[in-house]
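For reference, the structure discussed in these notes is given below.
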Protein chains: 2
Amino acid sequence: MGNCIVAQSGGPTSVINATLAGVVKANQMNPIYTKVFGGLNGIEGILQEKLVDLSHMSEEENRILRQTPSSALGSCRYKLKRSNTADFEKLFAVMEKYDVDTLFYIGGNDSMDTVFALSEYALANKITNRRFVGCPKTVDNDLMMTDHCPGYGSAAKFIATTALQTWLDVNVYTRQEVFILETMGRDAGWLAASACLSGIVDLVILPEIPFDKEVFLKEVKKSIDETNKCYVVVSEGARYADGTYLAAGEAKNDGFGHAILGGAANAVKDLILTSGVANRAKVQDLSTAQRCHASEQSLVDVEESFKLGMSAHMRSQDPKFTGQMVGVKRKDSKVYDVEYFATAASNVANHVKNFPVEWANPNFRGVNEKAIAYMRPLIEGQPVIIYHNGVPAYVKPYYKK
Amino acid sequence: MGNCIVAQSGGPTSVINATLAGVVKANQMNPIYTKVFGGLNGIEGILQEKLVDLSHMSEEENRILRQTPSSALGSCRYKLKRSNTADFEKLFAVMEKYDVDTLFYIGGNDSMDTVFALSEYALANKITNRRFVGCPKTVDNDLMMTDHCPGYGSAAKFIATTALQTWLDVNVYTRQEVFILETMGRDAGWLAASACLSGIVDLVILPEIPFDKEVFLKEVKKSIDETNKCYVVVSEGARYADGTYLAAGEAKNDGFGHAILGGAANAVKDLILTSGVANRAKVQDLSTAQRCHASEQSLVDVEESFKLGMSAHMRSQDPKFTGQMVGVKRKDSKVYDVEYFATAASNVANHVKNFPVEWANPNFRGVNEKAIAYMRPLIEGQPVIIYHNGVPAYVKPYYKK
């Protein structure tokens, strides 16, 4: 009986640690691995043999880990290039040295590409005793195959709640005012759309629908004429028909060739004030807080993330289970429910699942009932959060120990 | 037996409605007023006779009102000028028309000046049957006389929690990075200081301590050299020794002659990147969310705010109780506890209580144990929040009904 490694990659979420907690707990319930190692800082740290033994985590620590946001094992933006065989050789050498049968990799589509690449390499080199299993996570909700992504529900809950609260705030004065909430989401509108769960959004600008300035400003004016207020939500990835980001002035590039976005709300504010359709506009950029505000986890999200980790562990008992990602499938039932399933990581790697344009109302007027029916169950339920000294109790990151 | 009016003014908080709920509930328990009117949009709306009858609010509505952020009665930025006797005459005429004995005004130091001015006017004009009672609220915690202000504890709790969560987020990558959290607080550092309750803040820039760029950058460098990270908190009101705001480029003016602040974090980011002490810096401006994020109310804050409203109501039974503000006094006890007391509104009007400079550590290195001992009890406890459909249940604002 060998060991396993669990590692995390990409941007953190509020529940990425719940999936880690699920793998650890499953092995305590059925110890198919002698040790569960945590790999620190993703593939990058594993290559440097940065491992911690998580096998004997107490139930209390496991419980607190589930409510701890961000990646307790640390993360990386390191991309395993298929041309870089030295990295592959090193990784398999580390796995051999530590007798690692299975590597669980919790991440987004870049991470699923890593799972795919490693399983391909093993196959090509006739290595049959190393398995690679992906667990999805991303607040952006943009992974293929899975009904939704662990992390999305909690971020959506925070966004919808904050939309409702800031709408109450901006309405207390009788003066004219536009409020603009900026969300993350990269090239997918799932997070921006989630603000509509608050029921108060006037206009939403999604990346999937080309931004038409004239139509948009006309709608802002209509809201201002009717109520003297307009509540706008804009995705960081919103863009014009020619593909230019609204936040183009501020766009940079990360290590993966993705644009670093941000500033869309300020661009919208400038447009509105310059056009004169309103004389006052205020911006709230939810920024980092939206992906780590774990004190308002969705109970559905944290429980699914935990079970998904358990499911990945259980399935990995099959020696042929490699190059796979575990996802959730929504059951066709009256009451919301999911099943866990596996799919080839290659189906997920480097793809993006967009928000369906047919779920958006015309003229930026929010999203329709299909969108709400899809999103609503994902934000339901509130876990009981354990507090110490007035702030939530969190595990000390393993990379700090 | 006459009636009373309750109204709200200034910027909203997460618990300003709890004080309103306290006045309403107290009158149901001891109906010293026939009707409790809500005055919409503060003094401005009362002058226009915009009143709603809240006397028969159900316990369920009262319960949900306590967890509803922002001002359910609406607010105003209207300043009652002593020279404008027409406004005074109109206000007393409205009170006579609706048989109003007492006006409860929930607000900050401008509102306490309104309470002061109205009671002065009554005295000067020998009007003995109208009373004016102030209830403090402000996330800024900058009111004199009261140990602390309703609204501060909940904002401080959200800030400390968000600091902890974003610190966990920024630390997952091994790369060099400065994270800069901007808080509100106007010219007082209470909110910025509250981030230190998280235990993770490296540097904090308070308005009370002149910003010394050289010392600050040296400290950033020290943190970067030691950990490759630096977590900075900056108050919107941070300024140089000559009084220039760090956010000076963006400062405007509101109706009261106060500067509209914001942009301090971006100014700090620019300083850091330009100086070269770090090559990456990220900003989180908590903006509007910090004063209305009621899904994380402090239980101490919401309960004190409610009781303060009750205390104001009870005291107003005394026909001579006018021109007063009800505040909280911290008891000299081992376990945190408060008493409610009254003070002349003139002691509070137009003053600012600053964060004590002796509670700040040298070189921007956070705050000391005295500060923590003062702040910690104010963020303790979590009320049970009632949710509907995955988001907190809130009352529909009375100005929308």
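Inclusion of A:Tyr105 among residues that are within 30 Å of A:Asn125 (Cα to Cα), more than 14 Å from chain B (Cβ to nearest Cβ) and part of a loop (DSSP other than H, G, I, E, B) is not warranted. The single residue among A:Leu65, A:Leu91, A:Leu80 that is surrounded by 15 or more Cβ atoms within 10 Å (Cβ to Cβ) and assigned to a loop (DSSP other than H, G, I, E, B) turns out to be A:Leu80.
Number of residues in region A:370-401 that are within 7 Å of chain B (Cβ to nearest Cβ) and of a type outside the set (Val, Ile, Thr): the value is 9. Cβ separations smaller than 7 Å between residues 6+ apart or across chains give the following pairs from region B:319-336 residues that are in contact (Cβ under 8 Å) with a residue 60 or more places away in the chain to residues that are loosely packed, with under 12 Cβ neighbours inside 10 Å: B:Lys329/B:Glu339.
Within the set B:Ser346, B:Ser305, B:Ser287, B:Ser311, the sole residue that is at pLDDT 95 or above and over 27 Å from B:Thr68 (Cα atoms) turns out to be B:Ser346. For region A:118-141, the set of residues classified as acidic (Asp, Glu) and crowded, with 24+ Cβ neighbours inside 10 Å consists of A:Asp140 only. Taking region B:6-31 as the range and being in a loop (DSSP other than H, G, I, E, B), within 24 Å of B:Val94 (Cβ to Cβ) and either in contact with a Gly (Cβ under 7 Å, 6 or more places away or on another chain) or among the hydroxyl-bearing types (Ser, Thr, Tyr) (or both) as the test, the residues that pass are B:Ser9, B:Gly10. Scanning region A:202-218 for residues that are surrounded by 19 or more Cβ atoms within 10 Å (Cβ to Cβ) and part of a helix (DSSP H, G or I) gives a single hit, A:Phe216. A single entry from B:Val178, B:Val139 fulfils the requirement of being in contact (Cβ under 8 Å) with a residue 60 or more places away in the chain, within 14 Å of chain A (Cβ to nearest Cβ) and assigned to a loop (DSSP other than H, G, I, E, B): B:Val139.
Residue by residue, here is whether (1) part of a loop (DSSP other than H, G, I, E, B); (2) out of contact with any strand residue (DSSP E or B) (no Cβ under 9 Å at 6 or more places or on another chain); (3) assigned by TED's automatic domain parsing to the domain that holds A:Asn17 holds:
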{"site": "A:Tyr336", "(1), (2), (3)": "yes, no, yes"}
{"site": "A:Glu339", "(1), (2), (3)": "no, no, yes"}
{"site": "A:Thr343", "(1), (2), (3)": "no, no, yes"}
{"site": "A:Ala371", "(1), (2), (3)": "no, no, no"}
{"site": "A:Tyr374", "(1), (2), (3)": "no, no, no"}
{"site": "A:Val384", "(1), (2), (3)": "yes, yes, yes"}
{"site": "A:Lys396", "(1), (2), (3)": "yes, yes, yes"}
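Among the conditions (1) touching a residue at least 60 places away in the same chain (Cβ under 8 Å); (2) within 14 Å of another protein chain (Cβ to nearest Cβ); (3) of a type in the set (Asp, Glu), the only one that B:Asp169 does not satisfy is (1). Filtered by the rule that a residue be more than 27 Å from the chain's Cα centre (by Cα) and β-branched (Val, Ile, Thr), region A:86-120 gives A:Val94, A:Val100. Within region B:45-62, restricting attention to residues that are touching a strand residue (DSSP E or B) at 6+ places or on another chain (Cβ under 8 Å) and within 14 Å of chain A (Cβ to nearest Cβ), the residue that is surrounded by the fewest Cβ atoms within 10 Å (Cβ to Cβ) is B:Lys50. Selection of region A:353-369 for residues being out of contact with any strand residue (DSSP E or B) (no Cβ under 9 Å at 6 or more places or on another chain) and either more than 28 Å from A:Thr68 (Cβ to Cβ) or within 14 Å of chain B (Cβ to nearest Cβ) (or both) yields A:Asn354, A:Pro356, A:Val357, A:Glu358, A:Pro362, A:Glu369. Do we have A:Ser298 as of a type outside the set (Val, Ile, Thr) and away from chain B (no Cβ under 14 Å) here? So A:Ser298 fails the test. Going by the structure shown, is A:Leu73 in contact with a Gly (Cβ under 8 Å, 6 or more places away or on another chain), within 25 Å of A:Val384 (Cα to Cα), within 14 Å of another protein chain (Cβ to nearest Cβ) and in a loop (DSSP other than H, G, I, E, B)? Answer is yes for this residue. In the condition set (1) over 19 Å from the mean Cα position of the chain (by Cα); (2) under 21 Å from A:Glu44 (Cβ atoms), A:Leu123 is compliant with all but (2). The residue pairs whose first member lies in region A:272-288 and is facing another protein chain (nearest Cβ under 7 Å) and in a helix (DSSP H, G or I), whose second member is surrounded by 15 or more Cβ atoms within 10 Å (Cβ to Cβ) and at pLDDT 95 or above, and whose beta carbons are closer than 7 Å, counting only pairs six or more residues apart or on different chains, do not exist in this structure.
This table checks each residue for (1) among the acidic types (Asp, Glu); (2) within 20 Å of A:Met144 (Cα to Cα).
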| residue | (1), (2) |
| --- | --- |
| A:Gln290 | no, no |
| A:Glu303 | yes, no |
| A:Lys307 | no, yes |
| A:Pro319 | no, no |
| A:Asn363 | no, no |
| A:Ile386 | no, no |
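From the list A:Gly185, A:Gly237, the one residue that fits, being touching a Lys or Arg at 6+ places or on another chain (Cβ under 7 Å) and outside any helix (DSSP H, G or I), is A:Gly237. Taking the numbered list (1) modelled with pLDDT under 95; (2) within 14 Å of chain B (Cβ to nearest Cβ) in turn, A:Leu65 passes all entries but (1). Only residues in region B:294-312 that are outside any loop (DSSP other than H, G, I, E, B) count as the first member; pair them with residues that are among the basic types (Lys, Arg), Cβ under 7 angstrom, at least 6 apart or cross-chain, and list the lot. Note: pairs meeting the criteria are B:Glu296/B:Lys157; B:Val302/B:Arg66; B:Phe306/B:Arg66; B:Met310/B:Lys25. Of all residues in region A:169-192, those satisfying the criterion of being among the aliphatic types (A, V, I, L, M) and either assigned by TED's automatic domain parsing to the domain that holds A:Gly11 or within 29 Å of B:Ser71 (Cβ to Cβ) (or both) are A:Val170, A:Val172, A:Val178, A:Ile180, A:Leu181, A:Leu191, A:Ala192.
B:Arg82 falls short on exactly one of the conditions (1) touching a helix residue (DSSP H, G or I) at 6+ places or on another chain (Cβ under 6 Å); (2) at pLDDT 95 or above, and that condition is (2).
The values are calculated or read from the model by the stated rules, or taken from the named source; none is laboratory data. Because the structure is a prediction, the values reported are computed rather than measured. Here the Cβ is made from the backbone with ideal geometry for all residues, glycine too, and neighbour counts use every protein chain on show.
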